[in-house]
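Worksheet: one structure, shown below.
Nothing in this text is a laboratory measurement; each read-out follows from the coordinates by a stated rule. The model shown is predicted, which means the values in this text are computed figures rather than measured ones. Note that we place each Cβ from the backbone using ideal geometry, even for glycine, and neighbour counts take in every protein chain shown.
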Amino acid sequence: MNLTTEKAAGVARAGEVDTIVNYKPAYITMGVMLVFYVGIRIYEQYFGWKAGLDSFAPEFQTYWMNLMWTELPLEFVAFCGIGGYLWKTRDRNIDAVAPREEMRRILTLIGWLAVYAFSVYWGASYFTEQDGTWHQTVIRDTDFTPSHILEFYLSYPIYIICGWGAFMYAHTRIPQFAKRISLAFLMFFAGPFMIFPNIGLNEWGHTFWFMEELFTAPLHWGFVFFGWFALAVFGVARQVLDRVIELSKEYEKDALAL
Amino acid sequence: MSASTETGSPAGKTWKSKEEFLGCVILTDWILLVILFAVLLGSFHIHYMLLAGDWDFWIDFKDRRMWPTVAPIVAMCFAAASQSFFWTRFRLPIGATTVVLALLIGEWINRYDNFWGWTFFPINLVFPSALIPMGFWLDIVLMISGSWLITAVVGGLGWGLLFYPINWPVLAQYHQAAEIDGVLLTLADLIGFNYVRTGTPEYIRMVERGTLRTFGKDVVPVAAFFSGFISMLVYFLWWNMGKWFSTTKYLEIEEV
């Protein structure tokens with residue numbers, strides 16, 4: 001939904017609408033992500049069993065390792081590209097942001113956060129528990145199982161990229177997040193991010209001990225610890241809402257009457 | 001980029017009209033709620049599956065001793081943190097119900113699409129534990145008492161005690177006794193043995209044992225009472241965790 005108003009009364013020329021909120025890019029991104037994940041799930045359904053059981057087989061290299069060696073560089077480029085673009089195009093005159101423009105950017109940030117939240121669902125919920133059922137079914141002979149290639153090395157980097165984009169957008173364009181670092185926002189991004197390096201501990205441990213048999217094995221608890229930091233979404237929501245209230249003082253009574 | 005200009009609104013004003021403001025606020029409130037729901041779903045799910053997952057995944061792990069002890073204690077963490085945020089900041093008594101609903105949506109999608117759809121385990125082997133009545137209970141205690149202290153004590157104890165009874169209507173049929181090749185076991189065990197997993201061996205499965213049993217037939221009440229006791233303590237801790245994660249503190253850039 002877009003809420004638009006005409007710039008000048010009686011004149012509605014193309015390109016002159018003053019849009020305060022536009023969640024369409026966020027909806028489209030989530031739609032694309034949904035289609036992508038459904039597609040990759042269908043791929044997994046077929047090639048998990050057909051080519052994913054023996055990592056020494058040539059077809060494993062073809063269908064799974066090639067996928068991993070494709071996705072990892074692309075993710076690294078996307079991470080650097082999004083961060084670099086947002087930094088390069090940052091507002092260099094952040095003190096002069098007018099209230100309406102600031103509100104527009106805050107609402108754009110909420111769109112970023114929606115995309116981040118959606119990607120967190122896929123990574124932390126969908127693909128992580130899926131990995132549990134694969135380990136219960138197939139004894140692995142590699143750290144790079146079909147479920148890991150989609151979980152650890154695809155869905156986790158994607159939510160990291162989305163979180164990084166949200167963090168950098170706020171840091172480069174919204175005054176309250178630009179001049180100082182929000183502790184909640186930092187935890188909200190950095191905690192789930194740390195789940196990715198924690199894979200190093202996890203796979204190192206599995207090199208010595210076969211512990212897939214229990215998903216609750218202590219070796220997995222690093223993921224739990226860093227997952228807790230996603231609760232910092234509470235602090236981020238408060239900071240965003242506090243600023244929206246400050247910028248909307250004139251309509252406070254109307255909001256309370258809702 | 002220096003798009004710090006205002007177009008179309010009165011000088012220094014954020015909104016052009018009340019209608020624009022109200023439309024935007026209502027829409028954005030809903031989106032924020034969806035964001036909170038999705039993030040809580042993801043983080044609660046990874047927490048729950050890696051601390052209590054095996055008991056929640058499999059019918060033959062849903063025993064009378066370990067499952068009713070571990071699952072409520074682990075689930076209490078996010079219920080308390082979520083209540084802390086929604087009640088302290090918004091006076092909404094929905095925190096516990098919201099977060100267990102989020103968890104169960106994530107779990108059911110997974111059990112159907114992955115446990116059944118990918119690795120072909122039957123749903124009656126892998127359905128998740130029921131938690132929603134416990135969420136109702138905790139939220140109602142908080143709403144009526146208005147006190148997190150009372151909720152920790154009364155709600156926390158009830159949280160642990162309720163877990164087994166609310167799961168019993170579905171579980172009872174699988175605890176029927178069966179004799180297979182001269183061995184006495186439950187239908188849940190039988191289903192588990194028919195679907196061999198890496199968690200199947202008895203030295204891995206953490207369930208109550210027939211030997212060295214202290215409580216005889218009264219295993220469940222003791223386990224539930226113990227679970228309620230620990231849930232109280234967990235509630236205290238995680239209510240404050242929820243408060244801590246609600247921080248609006250800023251760090252100076254030089255500090256980072």
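Inter-chain neighbour count for A:177-187: the average number of beta-carbon atoms from partner chains within 10 Å of each residue's beta-carbon is 4. Our estimate of slack between B:L92 and B:K13, defined as 0.36 nm per intervening residue step minus the Cα-Cα distance, is 25.3 nm. Net charge near A:L231: determine it from the other residues with C-beta under 14 Å of the C-beta of A:L231, scoring Lys and Arg +1 and Asp and Glu -1. Charge balance in the 14 Å sphere: +3. Normalising the average separation of contacting C-alpha pairs (under 8 angstrom, six or more residues apart) by the number of residues puts the relative contact order of segment A:85-240 at 29 percent. Annotation note: trypsin sites (Lys or Arg not before Pro) in segment B:44-121 located in DSSP loop regions with a Cβ neighbour count of at most 15 within 10 Å are B:R91.
Relative to the dominant Cα principal axis of chain A, helix A:24-51 is inclined by about 10°. Between A:M65 and A:I42, the modelled labels are 2.8 nm apart [label points 7 Å from Cα along Cα→Cβ]. Other protein chain C-beta atoms within 10 Å of residue C-beta, averaged over B:104-115: 4.
This ranking places A:W221, B:W137, B:W239 by how few other beta-carbon atoms lie within 10 Å of each, fewest first, which gives A:W221, B:W137, B:W239.
Taking Cα centre as origin and charging only the Cβ of basic (Lys, Arg, +1) and acidic (Asp, Glu, -1) residues, the dipole magnitude of chain B rounds to 480 debye.
With 25 Å as the limit, the listed pairs B:K16/B:K249; B:K16/B:K243; A:K24/B:K16 have B:K16/B:K249; B:K16/B:K243 beyond it between alpha carbons. Once the chain from A:A255 to A:F56 is taken as fully extended at 0.36 nm per residue, the excess over their C-alpha distance is 65.4 nm. Between A:N93 and B:F136, the distance separating the two model label sites (each 7 Å from Cα on the Cα→Cβ line) works out to 5.9 nm.
Semi-axes of the equivalent ellipsoid for chain B, computed as √(5λ) from the eigenvalues of its C-alpha gyration tensor and ordered from largest down, come to 44, 22, 16 Å. Positive end of the dipole of segment A:22-256 (Cβ unit charges, origin at the Cα centre): among A:F234, A:A255, A:A117, the Cα lying farthest that way belongs to A:A255. Amide H to amide H, with H built 1.01 Å from N, A:V21 comes under 5 Å of A:L3, counting only residues 5 or more places away or on other chains.
Placing +1 on the Cβ of every Lys and Arg and -1 on the Cβ of every Asp and Glu, with no other charges, gives the protein assembly as shown a dipole of roughly 1340 debye about its Cα centre.
Partner chain Cβ atoms within 10 Å, averaged over the residues of A:219-227 - can you pull that number for me?
Rounded to a whole number, the mean comes out at 4.
Counting only lysines at least 8 places from B:K62 when in the same chain, those with an alpha carbon closer than 18 Å to its own are B:K217.
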